[in-house]
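Q: One structure follows; several queries about it will come next.
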Amino acid sequence: MKNWAAGLGLLGCACAAMSSFQESHITTVVITGDLSGHLEPCGCTSPMSGGILRQAQLIKQLRLTADVTVLANGAMVAGHGPQDELKAETVAQAYGEMSVSAINLADEDAKLGIGGVYAIQNNSNSRLISGSINGNAAIPIKETSQTGQFLIGGISMHSVSLASSLHAQATDTDEAVSKLLSEAKQLELTPILLLDGNEEEAKTLATKHQDLRMIVYRSPNTSPDAAETVGRTILVTPGEGGKTIVRTLYDGANFSAYQVLPLGPDVTDNVDVARFYKDYLRRVDARNFLATTARHPSNPFAGSKACESCHKQAYDTWVHSKHATAYRSLETKGHGKDPDCVSCHVVGLQNISGFRSRAQTPDLADVGCESCHGPGKLHVKNPRGAKMGTSQLSSCITCHTSEQSPNFKPLIYWPKIKHG
């Protein structure tokens with residue numbers, strides 16, 4: 001995958017090859033969606049990718065030289081708790097700012113309930129669509145959306161579950177697709193289907209309904225570097241977690257110039273969407289979601305300072321490492337009270353005796369000795385009788401995942417924190 005600047009350059013070349021944009025009627029179609037609650041990288045390591053701020057800025061840049069249609073394939077959230085409700089509202093606000101033409105309602109989004117769906121609809125400037133629910137006047141959702149030369153439809157392969165969450169009746173999937181194609185033919189528009197379903201399900205639909213020109217599906221993996229086609233139908237996915245967007249050109253007959261554009265740190269934040277995101281963080285702080293974190297019993301923690309008197313060398317290694325300021329790195333980015341991020345930056349967030357807040361449990365802020373060795377208060381009281389657990393390199397990968405620490409190199413990192 002090439003960087004976003006290269007993508008813009010390619011787009012410029014494609015447009016320059018035409019006599020003029022207006023004469024060639026080229027439409028740039030941008031595909032996003034499947035954020036699954038990943039609104040923004042925590043920012044604690046580099047180079048994290050993704051986020052609605054970068055997404056909005058890149059789309060804004062594309063619009064400087066092209067007629068852009070943006071489609072979002074739903075799955076704004078992964079859960080349906082109070083924080084997920086705030087996330088859905090914020091993503092909807094961002095999509096409204098991006099002038100998204102259609103947002104497919106996914107099963108996860110519907111689980112927020114009628115109130116949550118109303119909030120999404122209102123905050124996105126009424127861009128939700130779904131052909132999977134049938135005739136419920138309480139749900140202000142259209143089956144399709146007409147934009148430019150396209151008729152956009154949206155369905156879910158989990159239509160029964162989706163409809164149940166909204167106290168509605170489910171529509172048969174093939175019936176919904178056939179209705180989309182019939183309407184598109186009558187209006188002489190190009191039909192595009194946003195699918196809350198996987199690649200195999202997309203292929204099956206493309207084989208059955210050969211007049212579909214594009215199907216956008218969901219994938220737990222990154223977007224493929226090359227688009228796949230089934231007959232005349234192009235299959236595309238934005239990938240998981242909002243790390244990339246997909247861009248392709250449509251000339252009235254064919255899709256071409258498919259490209260995956262990563263949302264890396266070289267893409268700046270959009271200032272307008274940044275306002276929505278800052279308000280989201282403010283509301284997360286105000287609701288104090290950390291206080292409602294699910295916790296389980298454990299032995300009590302002592303804090304890293306309690307280790308210093310007997311383990312001076314190990315303590316000195318720790319105190320000069322980035323682990324000793326891990327929580328501060330979150331606070332600097334405004335994520336100090338965000339449960340999505342805090343657990344990997346403090347000691348024992350999921351434990352009853354673990355971190356609560358900097359004010360309540362200051363000794364458990366940051367990644368401390370007990371993050372790897374386990375609770376140590378009993379050991380402090382009885383060093384010989386209550387042994388501490390040992391730590392291995394494998395302890396690191398709980399938090400240093402490929403998503404959260406893209407450049408994590410265990411063999412280079414381990415010597416920096418190894419002690420004893």
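FYI, it's all coordinate maths here, none of it is from the lab. As the structure is a prediction and not an experimental result, all values here were calculated from the model. Cβ atoms come from the backbone with ideal geometry, glycine included; neighbour counts cover every protein chain shown.
Q: For the subset of the range 362-420 comprising residues that are in contact with a strand residue (DSSP E or B) (Cβ under 9 Å, 6 or more places away or on another chain) and in contact (Cβ under 8 Å) with a residue 60 or more places away in the chain, which member is surrounded by the most Cβ atoms within 10 Å (Cβ to Cβ)?
A: Looking at the filtered set, the residue picked out is GLY368.
Q: A further question follows. Scan LYS305, LYS312 and give me the residue that is surrounded by fewer than 16 Cβ atoms within 10 Å (Cβ to Cβ), touching a helix residue (DSSP H, G or I) at 6+ places or on another chain (Cβ under 7 Å) and either farther than 30 Å from TYR95 by Cα or not acidic (Asp, Glu) (or both).
A: It is LYS305.
Q: Can PRO238 be described as under 19 Å from VAL70 (Cβ atoms), in contact (Cβ under 8 Å) with a residue 40 or more places away in the chain and part of a loop (DSSP other than H, G, I, E, B)?
A: Yes.
Q: Moving to a separate point now. Just wondering, is there one or more residues in the range 225-232 that are in contact with a Lys or Arg (Cβ under 6 Å, 6 or more places away or on another chain) and either in a strand (DSSP E or B) or of a type in the set (A, V, I, L, M, F, W, C) (or both)?
A: Within the range 225-232, one or more residues are in contact with a Lys or Arg (Cβ under 6 Å, 6 or more places away or on another chain) and either in a strand (DSSP E or B) or of a type in the set (A, V, I, L, M, F, W, C) (or both).
Q: Here's a follow-up. For residues that are among the polar types (S, T, N, Q) and assigned to a helix (DSSP H, G or I), scanning just the range 204-218, find the one that is farthest from GLY131 (Cα to Cα).
A: THR207
Q: Can you name the condition, by its number, that LEU411 falls short on among (1) under 30 Å from THR222 (Cβ atoms); (2) in a loop (DSSP other than H, G, I, E, B)?
A: Condition (2) is where LEU411 drops out.
Q: Among the residues of the range 265-298 satisfying the criterion of being in a loop (DSSP other than H, G, I, E, B) and within 19 Å of the chain's Cα centre (by Cα), which is surrounded by the most Cβ atoms within 10 Å (Cβ to Cβ)?
A: ASN270
Q: From the list THR268, THR237, THR248, THR229, pick out the single residue that is in contact with an Asp or Glu (Cβ under 9 Å, 6 or more places away or on another chain) and among the β-branched types (Val, Ile, Thr).
A: THR237
Q: Let me ask something else. Which residue out of GLY74, GLY33, GLY37 is surrounded by 23 or more Cβ atoms within 10 Å (Cβ to Cβ), at positive phi and touching an Asp or Glu at 6+ places or on another chain (Cβ under 9 Å)?
A: GLY74
Q: Next question, about the same structure. Being polar (S, T, N, Q), touching a Phe, Trp or Tyr at 6+ places or on another chain (Cβ under 9 Å) and over 30 Å from PRO339 (Cβ atoms) narrows it down to one of SER304, SER256, so name that one.
A: SER256
Q: Take the range 103-112 and flag every residue that is in contact (Cβ under 8 Å) with a residue 60 or more places away in the chain and assigned to a helix (DSSP H, G or I).
A: ASP107, GLU108
Q: Within the range 48-88, how many residues turn out to be over 27 Å from PHE289 (Cα atoms), assigned to a loop (DSSP other than H, G, I, E, B) and not charged (D, E, K, R)?
A: 4
Q: Next question, about the same structure. Taking HIS335 and the conditions (1) closer than 21 Å to THR401 by Cα; (2) of a type outside the set (Asp, Glu); (3) outside any loop (DSSP other than H, G, I, E, B), which numbered condition does it fall short on, given that it satisfies the others?
A: Condition not satisfied by HIS335: (3).
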